[in-house]
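Comments concern the structure below.
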Number of protein chains: 2
Amino acid sequence: MDLINRISSEQSQFSKSERKVAALILHEPEQAIHRSIASLAALAGVSEPTVNRFCRRLGCKGYPDFKLQLAQSLAQGTPYVNRDIEENDNVDQITQKIFDSTLNALSIARQSLDSRPIAATVEAMVSARKIAFFGFGASASVAHDAQNKFARFDTPSVFSDDPLVQRMWAINSEPNDVLVCISHTGRTKALCEIAAIAHNNKATVIGITAPNSPLSENCQFTVSTNVPEDTDQYMPMASRIAQLVLIDAIIAGYTLQRGPKFREKLARVKEGLKGSRYSKQTTTKE
Amino acid sequence: MDLINRISSEQSQFSKSERKVAALILHEPEQAIHRSIASLAALAGVSEPTVNRFCRRLGCKGYPDFKLQLAQSLAQGTPYVNRDIEENDNVDQITQKIFDSTLNALSIARQSLDSRPIAATVEAMVSARKIAFFGFGASASVAHDAQNKFARFDTPSVFSDDPLVQRMWAINSEPNDVLVCISHTGRTKALCEIAAIAHNNKATVIGITAPNSPLSENCQFTVSTNVPEDTDQYMPMASRIAQLVLIDAIIAGYTLQRGPKFREKLARVKEGLKGSRYSKQTTTKE
DNA sequence: CTTGTTTTTGTAACTTTACTACATTTAGAC
DNA sequence: GTCTAAATGTAGTAAAGTTACAAAAACAAG
């Protein structure tokens, strides 16, 4: 993980004075890299060796090495995690911060991904008779999106955020049917019940949800994104984005697995959609 | 231009000894940033002041500043690559590539964002009587998601992907009503018509869509993400993600604009949702 | 609440690093 | 060859970073 993220995530392991240093650096990292250890220490109200120890705790060889790594971490355009939105931020700052934290969450998700359940999901979908995507609340739109993508394919697929519709589908499910349950927490009661019903019918139940959650208990396998998110403060944002990208990946895998003939079909579907749009005057490529 | 490129392009202006230094740095830049001026000078077979002068000639304040800039220039070197998915990629590779290209698209979107229409959107929503989110296809789930978020707020909001429902809403719209039209291409006929109707009724029509598109003609203002996307090959993926993050930003702006009392209300909504979930056994913070 | 122990923090001496002023060398022009 | 100017290096100096150790603070046990 990159240095700035580490500073903010490992704050709990720091001592009181070290936290002062951390706060200063997270507040204005660009400035910190141009300061000497003495001036940084003075600004943080601590002694120079404290700053040095702070650097060492982060695995750096010393202060110069720390500055170097910090500079790299900044240059990478690596999102500043946990730069919370503050009371009098303007719209531009808010937008940047939201984008930053989403980028950060995504790159964390990418690193911590386990490809085995993803491969298994692709496998199951390729041989599925019919596929359902269920979810509630914020996860409903994720399920909606997934089904939208699958609508272009020839395997029958449904989306629903209606518990009764979901229940009916689950009751009618059979082996070789695939049910994808989407939930950030994995604790939504209604969805757990549906999953259990389908699971009983020997349908393939896949969870895009938190590992070791009540929902994942009823799933054949679980794909999770491990996005750190402060759901206490605001609603799930980044985790939902990670789920969507995950589904994109699953779909890309599915498309590829189906082979070249299948992709020809897709091209035809795409062509068929053109009638619903205004044609372009310009010749610019979209 | 970035430092490494400058070193190689400005070589002609360097003196003989300075060129030795340049050659050394271009050969192994990663190593150079961990060396002291003395060891670098020795390695290049020149004196320390020569290295220092070399740094100054490149516009750096001195050797430490040079190292810093060099480090940044190196870190920037490898952004998220937009590698295409290939025929016999395995699932892991596909997943990484999809995440990479999404990350890439998001960071491009972040840079090219214009905050003025975003601010205007927040403004309009804060004083809105009712808000609608409309879209078709892939954009339907984006609209769905947006409405989901707004469902927690006290301003009445709707989502629809049904042209008739949309039309009825548009016909009944009034000034101070806000209509958010979401479309990747901005060329979906049905949505343009709806926008036109609402626009005629003097409702505030906001487009999350391509600039200078038929749809944006009927919008008071347009928020766009400028994500380069190869829609010919696959379906829109990254652009849709960028739209979602954009909406997150708008919602964050909205929440903040509404002030602290409003956020207390949100906390109560959140508390109210708990009944629908299984409680946690573990005490770990989510 | 006191005492002993451990952890944290700061002070001061020390080492390393980078910079400056000046001397020397080198290259080019006449 | 000699003068001039540019380039390079030497040595001293200033600044920055590190280490060892002592003081202070936090903690636990009696």
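The values are calculated or read from the model by the stated rules, or taken from the named source; none is laboratory data. This structure is a prediction, so every number in the text was calculated from the model and none was measured. Neighbour counts are summed over all protein chains in view; Cβ atoms, including those assigned to glycine, are modelled from backbone coordinates with ideal geometry.
Points worth noting:
- Within segment A:43-55, being more than 11 Å from DNA strand C (Cβ to nearest atom) and either surrounded by fewer than 17 Cβ atoms within 10 Å (Cβ to Cβ) or within 14 Å of chain B (Cβ to nearest Cβ) (or both) holds for one residue alone: A:Leu43.
- Of all residues in segment A:143-172, those satisfying the criterion of being touching a residue at least 12 places away in the same chain (Cβ under 8 Å) and of a type in the set (Gly, Ala, Ser) are A:Ala143, A:Ala146, A:Ser157, A:Ser160, A:Ala170.
- Residues that are within 13 Å of DNA strand C (Cβ to nearest atom), away from every other protein chain (no Cβ under 13 Å) and either within 33 Å of the chain's Cα centre (by Cα) or within 17 Å of B:Ala71 (Cα to Cα) (or both), drawn from segment B:1-37: B:Val21
- Complete set of residues in segment B:55-85 that are at pLDDT below 80 and out of contact with any helix residue (DSSP H, G or I) (no Cβ under 8 Å at 6 or more places or on another chain): B:Thr78
- Of everything listed in (1) at pLDDT below 90; (2) more than 8 Å from chain B (Cβ to nearest Cβ); (3) not in a helix (DSSP H, G or I), the single unmet condition for A:Met235 is (2).
- No other residue among A:Lys130, A:Lys149, A:Lys189 is outside the structural domain of A:Ser9 (by TED's automatic domain parsing) and surrounded by 20 or more Cβ atoms within 10 Å (Cβ to Cβ) apart from A:Lys149.
- Set A:Leu68, A:Leu58, A:Leu74, A:Leu40: member being surrounded by 20 or more Cβ atoms within 10 Å (Cβ to Cβ), more than 8 Å from every other protein chain (Cβ to nearest Cβ) and among the aliphatic types (A, V, I, L, M): A:Leu40
- Out of A:Val51, A:Val21, one residue alone is near DNA strand D (Cβ under 10 Å from one of its atoms), modelled with pLDDT of 80 or more and of a type in the set (A, V, I, L, M, F, W, C). It is A:Val51.
- The combined condition, being within 23 Å of the chain's Cα centre (by Cα) and not small (Gly, Ala, Ser), is fulfilled by B:Phe134.
- Elements of type strands (runs of 3 or more DSSP E) in segment A:96-204, at least 1 residues being in contact with a Lys or Arg (Cβ under 8 Å, 6 or more places away or on another chain) and among the polar types (S, T, N, Q): A:157-160
- Within segment B:113-137, the set of residues being under 27 Å from B:Lys189 (Cα atoms) and out of contact with any strand residue (DSSP E or B) (no Cβ under 9 Å at 6 or more places or on another chain) comprises B:Val122 only.
- Test result for A:Ala42, more than 10 Å from DNA strand D (Cβ to nearest atom) and either in a loop (DSSP other than H, G, I, E, B) or over 35 Å from the mean Cα position of the chain (by Cα) (or both): yes
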